[in-house]
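Just so you know, all these numbers are worked out from the coordinates, no wet-lab data involved. Treat the numbers as computed from the prediction; the structure is a model and nothing was measured. Because the Cβ atoms are built from the backbone with ideal geometry, glycine has one as well, and the counts that use them run over all protein chains shown.
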Amino acid sequence: MSRRAGTAALLAALLLAALFPLAVARPAWQNTAILMLMAAQLGVAWNILGGYAGQVSLGHAAFFGTGAYVSSLLSMRLGLSPWLGMLAGALVASAFAVVVGWPCFRLKGHYFAMATIAVVEIVQAVVNGWERLGGAVGLYLPLAETGFGGFVFNRSKLPYYYIALALLVLTLAVNWLVARSRTGYYLRAIKDEPDAARSLGVSLTRYKLQAIALSAALAAMGGTLYAQKELFIDPGSTLSTSLSIKMSLVAILGGVGTLFGPVIGAAVLTAVEEGSRVIFGGTGRGTDLVVYGLLIVLFAVYQPAGIMGWITGRWLGPRAERPEEEP
Amino acid sequence: MTQILLQTVLSGVLIGLVYALVAVGLTLIFGVMDIVNFAHGEFLMLGMYASFWGWALWKLDPLFTLPFTALGLFAVGALLYRLVIRRIIDAPMLSQVFTTFGLMILFRGLAQYLWSPDFRSVEHTVVDGKVAFGGLSFGLPQVTAAAGAVVTTGAVWWFLRFTRLGAALEATAADREAAALMGIDGQKMFALAWGIGAACAGVAGALLSSTYPIFPDVGASFILVAFVLVALGGFGSVTGAFWAGILVGVVEVVGGFLWDPAYKMVLVLSLYLLVVWLRPQGLLGKA
């Protein structure tokens, strides 16, 4: 695809996304669309560290939860606007990510992934037992000020849709800038040839720390949006390993290390999740889990390069196929 | 005070020995083929349900059905290897992680579909009551579970150490290609590792079935501890996992007693982070 056609397709997609809720008025559909956008944003944020730098974090909910808790606590205790809280949450999450990342980046592969699970589980257990942070019960955000300034909308979900869309566009833009920057090239070098990169004088830890700080800040912003949309947060919903895994799943399903892969992955995953819940679920019989699990296994086994890999492999010739696979 | 502390430490050892058995299977699979099995807790869950149904349908005690549970789980593990895992041996780490993670969700979903999310329990087992000595007292089911775990772990250790088949398995773990050149069928060894690994977790599930609630997500609380043991003991090391199990069991129970039971996992996981940071090869792992 030429550069011009790419830009045109991008603008068309954005226009479609902007017009979607005006064409589809059913609240249930709109809500599913918001969930898709939020999942996509988190997957794109995760991709900066997991996709470009190749550091598979299964603990990103720790940063998501930090964003949700920081903005919520600041607005409940100090009356700070959640918009400022979102920035504060992003800063705190970045700092936390650097503190966590510095020791964890000494570990590779499975070791790193499992250490990040430990981190999110520790944070969850600590918040669970910390009464002043709401403990296991969680925090109910006050319904005080509705409207844009208060970041609370209860008449229609539409504003959340556009905020989620804007946040996704921002995250994509950051991802795009990072991928094109010097840091982006270093990150890919670190992922593909860590020893060669090191021998050329690339400080592995420094660039990995930049990646995790950025990735965490964006995930935290997603956390604030979640808190403002749900108006309720607890450790189980915002600080869990399963949420962390979902962020990475969105990316792997769509295509790790590609700009739009996570967006496609989020669309498919959310559709499958909501669809199987509507078709089979509601009875608590776990059929939705069966479908979800089966889909993950099939993709991981047969299409590890994700949907993007399938598209590029099918339409752009066999050369681009399965970029992840070793010869 | 010493009495209480001794009681607590020994309780920790008892549960730690069962943790170790769960981790032995996980570490064996990791050691032989470098794959972290996220669905390992689900083998334990299946072992628990096998015990439950034997008891609920035919009034058979979990200890009597244990050999069948072990065989059944061996078949599940080996079959899972043949059907799924075989295809991802050389895949990128990310696909491996998500394959076993997907299996975990699939198994939980199937259990919920077939057997409902209700909590089940096995009651009136053959082994019941308490043992007391020197002012200390332990539940007999817990002591039996720990003893059964030690015997099973010991059997796996003996198998790896003193049988030809075990040696072949160890050889495949050490160097897959060199082992293949010696005429060892790698595919068979991998299937064997998955069979034994699943059987270990299944036996642990059977041993725990009389004292733990049985439900589709029960594996979740054990998989995390098993990961910690595997990392502490050194990836692939059976004896390492054994000693790490005892250590973690004691840390968990004593920490929960001295501090707050809600924070016991924080202690265990912090210990894990500290060790992987200072000694990435594990406490007992070789550098």
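For the residues B:Cys200, A:Cys104, what sequence is obtained by ranking on other C-beta atoms within 10 Å, fewest first?
Lowest to highest Cβ neighbour count: A:Cys104, B:Cys200.
Spin-label point model (7 Å from Cα, Cβ direction): what's the B:Thr2 to A:Lys108 distance in nm?
4.9
Measure up A:Lys208/A:Lys246; A:Lys191/B:Lys188; A:Lys157/B:Lys264; B:Lys188/B:Lys264 against 29 Å on the Cα-Cα distance and list the ones that go over.
The answer is A:Lys191/B:Lys188; A:Lys157/B:Lys264; B:Lys188/B:Lys264.
Along the charge dipole of the protein assembly as shown, which of B:Gly47, A:Ser57, A:Thr183 sits closest to the positive end, that is, farthest toward it, with unit charges on the beta carbon of Lys, Arg, Asp and Glu (+1, +1, -1, -1)?
Checked the options; the winner is A:Thr183.
Mean separation of Cα pairs under 8 Å and 6+ residues apart, divided by the residue count of chain B: what relative contact order is that in percent?
With pairs under 8 Å counted, the relative contact order is 38 percent.
Per residue of B:208-218, count partner chain C-beta atoms within 10 Å of its C-beta, then hand back the mean as an integer.
Average per residue, whole number: 0.
Just to be sure I understand the model, the point goes 7 Å from the Cα along the line to the Cβ. What's the resulting B:Ser221 to B:Trp58 distance in nm?
Roughly 2.9 nm, to one decimal.
Provide Rg and Dmax in Å for the stretch A:63-220, with only Cα atoms included in the calculation.
When restricted to Cα atoms, the stretch A:63-220 yields Rg and Dmax of 18.4, 58 Å.
Which distance in Å, rounded to a whole number, links the C-alpha centroids of the stretch B:190-245 and the stretch B:26-59?
With the stretch B:190-245 and the stretch B:26-59 each reduced to a Cα centre, they are spaced 8 Å.
Take each complete run of DSSP H in chain A, measure how far its Cα atoms stretch along the helix's own axis, and keep only those covering 15 Å or more with mean Kyte-Doolittle hydropathy at least -0.5; list them.
A:3-23, A:27-47, A:61-77, A:82-104, A:109-129, A:158-180, A:204-230, A:241-254, A:261-279, A:287-302
Would you mind giving the three semi-axes, in whole Å and largest first, of the ellipsoid equivalent to the stretch B:2-278 according to its Cα gyration tensor?
Semi-axis lengths for the stretch B:2-278 are 29, 22, 18 Å.
Take every Cα pair under 8 Å in the stretch A:28-240 that's 6+ residues apart, average their separations, divide by the length, and report that relative contact order as a whole percent.
44
Might you report the magnitude of the Cβ-based charge dipole of chain B about its Cα centre, with Lys and Arg at +1 and Asp and Glu at -1, to the nearest 20 debye?
Result for chain B is approximately 300 debye, rounded to the nearest 20.
To the nearest 10 degrees, how steeply does helix B:62-83 sit against the main Cα axis of chain B, on a 0 to 90 scale?
The two axes meet at around 30 degrees.
Below 15 Å, Cα to Cα, which aspartates and glutamates can B:Lys59 reach? Residues fewer than 8 away in the same chain don't count.
Cross-link targets: B:Glu123.
Provide the FRET efficiency to the nearest 0.05 for the A:Leu158-A:Thr205 pair, computing r from the beta carbons and using R0 = 45 Å.
Using R0 = 45 Å, I get an efficiency of 0.55.
For chain B, take the longest principal axis of its alpha carbons; what is the angle in degrees between that and the long axis of helix B:93-115, to the nearest 10 within 0 to 90?
50
Within 10 Å of each Cβ in peptide B:81-90, how many partner chain Cβ atoms are there on average? Round it to a whole number, please.
Rounded to a whole number, the mean comes out at 2.
Which FRET efficiency, nearest 0.05, do A:Trp176 and B:Trp259 yield, Cβ-Cβ r, R0 60 Å?
For A:Trp176 and B:Trp259, the calculated efficiency is 0.80.
In whole Hz, with x marking every Gly and Pro, tabulate ³J(HN,Hα) for the stretch B:233-250 from phi via Karplus 6.51 cos²θ - 1.76 cosθ + 1.60, θ = phi - 60°.
With coefficients 6.51, -1.76 and 1.60, one gets x, x, 4, x, 9, 5, 5, x, 4, 4, 5, 4, x, 5, 4, 5, x, 5 Hz.
Highest GNM mean-square fluctuation, chain B, Cα pairs closer than 10 Å: which of B:Ala174, B:Ala91, B:Ala193?
Between B:Ala174, B:Ala91, B:Ala193, it is B:Ala91 that shows the largest mean-square fluctuation.
Which residue fluctuates most in the GNM of chain B (Cα springs below 10 Å): B:Ala178, B:Ala145, B:Ala226?
In the Gaussian network model the winner is B:Ala178.
Highest GNM mean-square fluctuation, chain A, Cα pairs closer than 10 Å: which of A:Gly255, A:Gly184, A:Gly286?
A:Gly286
Just want the ordering: A:His60, B:His40, B:His124, from fewest to most Cβ atoms lying within 10 Å of their own Cβ.
B:His124, B:His40, A:His60
Compute the angle between helix B:140-162 and the longest alpha-carbon principal axis of chain B, please, reported from 0 to 90 degrees and rounded to the nearest 10.
On a 0 to 90 degree scale, this one is about 20.
Based on the mean of other Cβ atoms within 10 Å per residue, sort peptides A:61-72, B:152-163, B:101-112, A:213-224 so the most packed one is first.
A:61-72, A:213-224, B:101-112, B:152-163
So how far apart, in nm, are the two label points at A:Asp195 and A:Val99 if each is 7 Å from Cα heading toward Cβ?
3.6
Pop the C-beta distance of A:Ala13 and B:Phe133 into the FRET formula with R0 = 56 Å and round what comes out to the nearest 0.05.
Once the sixth-power term is evaluated, E becomes 0.15.
Just round it to a whole percent: the fraction of Cα-Cα distances in the protein assembly as shown exceeding 34 Å.
So the portion of pairs separated by more than 34 Å is 44 percent.
Report, as an integer, the average count of C-beta atoms from other chains found within 10 Å of each Cβ along B:269-276.
Partner-chain Cβ atoms within 10 Å, mean over residues of B:269-276: 5.
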